[in-house]
1. Determine the pairs where a residue that is in the same structural domain as C:GLU255 (by TED's automatic domain parsing) and at pLDDT below 90, located within segment C:338-349, has a partner that is outside any loop (DSSP other than H, G, I, E, B) and of a type in the set (S, T, N, Q) with Cβ atoms under 7 Å apart, the partner being 6 or more residues away or on another chain.
2. Among A:LEU167, A:LEU135, A:LEU177, A:LEU153, which is the only one that is aliphatic (A, V, I, L, M) and closer than 30 Å to B:SER33 by Cα?
3. Tally time: how many residues in segment A:133-155 are open to solvent by 30 Å² or more (accessible area, probe 1.4 Å) and small (Gly, Ala, Ser)?
4. Testing C:ALA99 on (1) open to solvent by 20 Å² or more (accessible area, probe 1.4 Å); (2) assigned to a loop (DSSP other than H, G, I, E, B), one condition comes back false. Which one is that?
5. Considering each of B:PRO240, B:PRO232, B:PRO183, B:PRO216 in turn, give the residue that is under 27 Å from the mean Cα position of the chain (by Cα), surrounded by fewer than 20 Cβ atoms within 10 Å (Cβ to Cβ) and in a helix (DSSP H, G or I).
6. Can you tell which of A:THR254, A:THR237 is touching a Ser or Thr at 6+ places or on another chain (Cβ under 8 Å) and either within 10 Å of another protein chain (Cβ to nearest Cβ) or on the phi > 0 side of the Ramachandran plot (or both)?
7. Within segment C:57-88, how many residues are within 16 Å of C:LEU169 (Cβ to Cβ), within 14 Å of chain A (Cβ to nearest Cβ) and in contact (Cβ under 8 Å) with a residue 40 or more places away in the chain?
8. Got a sec? Which of B:LYS110, B:LYS61, B:LYS78, B:LYS56 is charged (D, E, K, R) and within 14 Å of another protein chain (Cβ to nearest Cβ)?
Amino acid sequence: MRRLTWFNATSLTLGFAFLYIPMLIVIIYSFNESRLVTVWGGFSTKWYGELLQNEAFLSAAWVTFKVGFFSSIIATVLGTMGAYVLVRGGRFYGRTLFSGMIYAPLVMPEVITGLSLLLLFISIGLDRGLFTIILAHATFSMCYVSVVVSSRLVSFDRSVEEAALDLGATPFEAFRLVTLPIIAPAVISGWLLALTLSLDDLVIASFVAGPSATTLPIKVFSSIRLGVSPEINALSTILILIVTVGTVAASLTTKRAVMRRQKAEQMADQSS
Amino acid sequence: MNLRRLSLIAVPYLWLFGLFFVPFLIVFKISLSDIALSIPPYTPTLELSEGWAGFKDMVSKFDFENFEFLATDDLYWKSYLSSVQIALISTFICLLIGFPIAYGMANAPKEWQPTLMLLVILPFWTSFLIRVYSLIGLLGQEGLLNQFLMWIGLINDPLIILNTNLAVYIGIVYTYCPFMILPIYATLIKLDGSLLEAAEDLGCSRTEAFWRITVPLSKAGIIAGCFLVFIPALGEFVIPSLLGGSDTLMIGKVLYEEFFSNRDWPVAGAVAVILLLILIVPIVLYQRNEQKMMEAEQ
Amino acid sequence: MPEILFEPWKDPEAKPLIRFQNVTKRFGDFTAVDDLSVDIYEKEFFALLGPSGCGKTTMMRMLAGFENPTSGKIMLDGKDISPIPPNKRSVNMMFQSYALFPHLTVYDNIAFGLKRSSMPKDQIDARVMEMLRLVQIEKFAKRKPEQISGGQRQRVALARSLAKAPKLLLLDEPLSALDKKLRQDTQFELMDIQEKTGTTFVIVTHDQEEAMTVASRVAVMNFGKLVQVDTPAQIYEAPNSAYVADFIGDVNIIEGNATTRDNIVSIAWAEGQPEIIGTPSKPITDGRVSFIIRPEKIAISTEKPADRQNAVQGTILDIAYLGNLSTYHVKLADGTIIKAQAANSRRRASRPFTWEDEVWLSWTDTAGVVLDN
């Protein structure tokens, strides 16, 4: 039986306070009439208004979403394939290198990845712009997707795939009709992770973006460099809100699925 | 090997090889080149039209001049050292803070666990940049932390935290904490509670059982968490750039500035190569740990 | 009216549905199946019986197409099936874990195989309903696997594997997850379904009672080899080795020296004990032999039986009371322990025998089997 000891309760409370207080402060100050952190000038939403009229921010946001959308989809497809190779691939030439290439980007400092990709694009004469950022993001995100999906594949019961083959499905049909629906939650998690990583990336985008394509993080970074701008507070609050809504929604869906499963098991016990 | 299997392996393999591995070779190549006022701003460049002779000519112009430069100029080796030091200390602090949180989560009543997990993941999904930004308002001289401490009377003059190494430590620990918590939590919840009961049944005290059983069995998660913090922290750029001062020496910042401010790509390349060499051992160890954990589950 | 015996293996004209021809399967250094040859005929309920690691599951997987033999040939209906992938064979399998598709309803699970073929939609529907009726789970057609009990999932797995009316159905330990009562009922149902559909069943099991109950023939395996392939009755009453005798049911094994004279075999097995006399059905070579006799063939009595040649005296060491029978462990003068079994045909507990009683054990001269060592 798990009880919450004093020690555990304290460490949890302190820990979460540590994680959340800075963000709460940003949210509060996004409604501050005054520009300064030191002074509370009264409640105001004017910074939100200014933000929404800021052309530079808006176009950067649009670029960021486009990059995020495309790179996350490519990353999900490639990452799922990579997971399959890792878990089901067996032995083949260069397996160690492949495994290394999947895990290394997870920990590689972004300055190195960014620099190396930029040099690659220059060497092959590819103009920097939207396309290069998408390629770059897809490359490092796919590794995260691989890790998420492969951890699901490892515990996957292969007898359902064999059953599908036994009943007449081709290997691809077995994947499409049986495996994929079952591992879908992991694939979706991977996709969301890839999307977040792309939307959030600063360093790599700095290296591989061109003059035509500025992403939101790049814009935000240069704004911060110039000083604490209250528009950034507003932007941060909006982003935090989006993430919160998304995460809470995801968590509620999982909770509902768990409850549905419990009800199903009850139904099963009663029917036997 | 049939065609289907071959293409399944080939597609991600070739993608990663071309877009991840080959670029490193290019970095190495320019680290051996010299800076030039041209586009691209380095020489020699590879002229494919000149064929093998062109290649040999290029190789002959390579030199280790940049590496010698790095070895002699104080800035660089001090930055490497400082980066390693900061990364190590931050990892350790992350462990001190993260482990109790993960432990608390793992031992919480089952109904709370999804919510707790949600609370840890939320900052993780929130923009990294925003979280660093949120610390700026907090740690400045007129920032809220100082205001709070002065208000409760703990200090009289504001502490100078922002733009020092201390702010960098706080920043790294703050932003990387979820990376430490999640792997440890994942390992701890798999721990069989009956093992601890068996230990106590055989005469261990609670604390002894913790150190002798819980900690060794969560080793894989602890190691994963440490690598997930240490390796990227070593090459961090955003945090030292926004929270650190001009005397904060971190190699990621140095590389970025060499590249963008000084426009010395060959030196930047050399900096990257040395950083990679420093990181190769931890990266390989990290990957081995992950493989081991995955094989253990199969 | 004489019973029409189903014995295609005795018919020299009959063509086997399945033929294993010198099949060997190796996994690295480990030989799972060792030069195995056997014929299985249509409409048989054939059991592969043996301990874990004996190769029975490997044989089944080779029939299904999930493994290929290292050497040798497997023929289905006269054709070599090795080049045919599992999804193209007219063989279906019922998995030990049932392997039901968790995201599909019971109906869709059963329809899955039919949808892979070119069967028109209304025919598929008719067939699925037929299968649901066959295993009696029409009520649960719309439910998902997690919403039904273990026994019902087993029926869905069975229905799904029969839906395509395969020539051969493989059952991988199908009843191992069920409790004893349910298992017995389901065994008879399986036999019914097999007869009704006329499908050839090959079942893999480590439960010898199960194999004996359902099978028309049992193949006892060990270390990748077939030890004996015979009807349950023959396997039980005429085992070809001590291994088979010991594997199935309870048995007494006594080693001794045999001498044959005038079609009577005498086995000297212990000092001071009378020789075992028997009438052999086939000639026995003199020398070291094992005498095998089942406990229920040994009568236990307080008085020396007058009409039997084989009788020994001993003390009851242990009694195992099983409700319907009792097994008596009797210790003879020279220390050998013999198991004798008797039905508890009297209801009242006027038990004739108890511990430490002096009793006589006796048997007829055809009650046992002699095996060469």
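The values are calculated or read from the model by the stated rules, or taken from the named source; none is laboratory data. Being a predicted model, the structure only gives us computed values, none of them experimental. Counting neighbours? That spans all protein chains shown, and the Cβs are built from the backbone with ideal geometry, glycine included. Only protein heavy atoms, including side chains, enter the accessible area calculation; ligands, DNA and RNA are left aside. Shrake-Rupley method; radii C 1.70, N 1.55, O 1.52, S 1.80 Å.
1. C:ALA342/C:SER326; C:ASN344/C:SER326
2. A:LEU135
3. Result for segment A:133-155: 2.
4. (1)
5. Selected residue: B:PRO216, the only one of B:PRO240, B:PRO232, B:PRO183, B:PRO216 that is under 27 Å from the mean Cα position of the chain (by Cα), surrounded by fewer than 20 Cβ atoms within 10 Å (Cβ to Cβ) and in a helix (DSSP H, G or I).
6. Exactly one residue qualifies, and that residue is A:THR237.
7. The qualifying residues number 4.
8. B:LYS110
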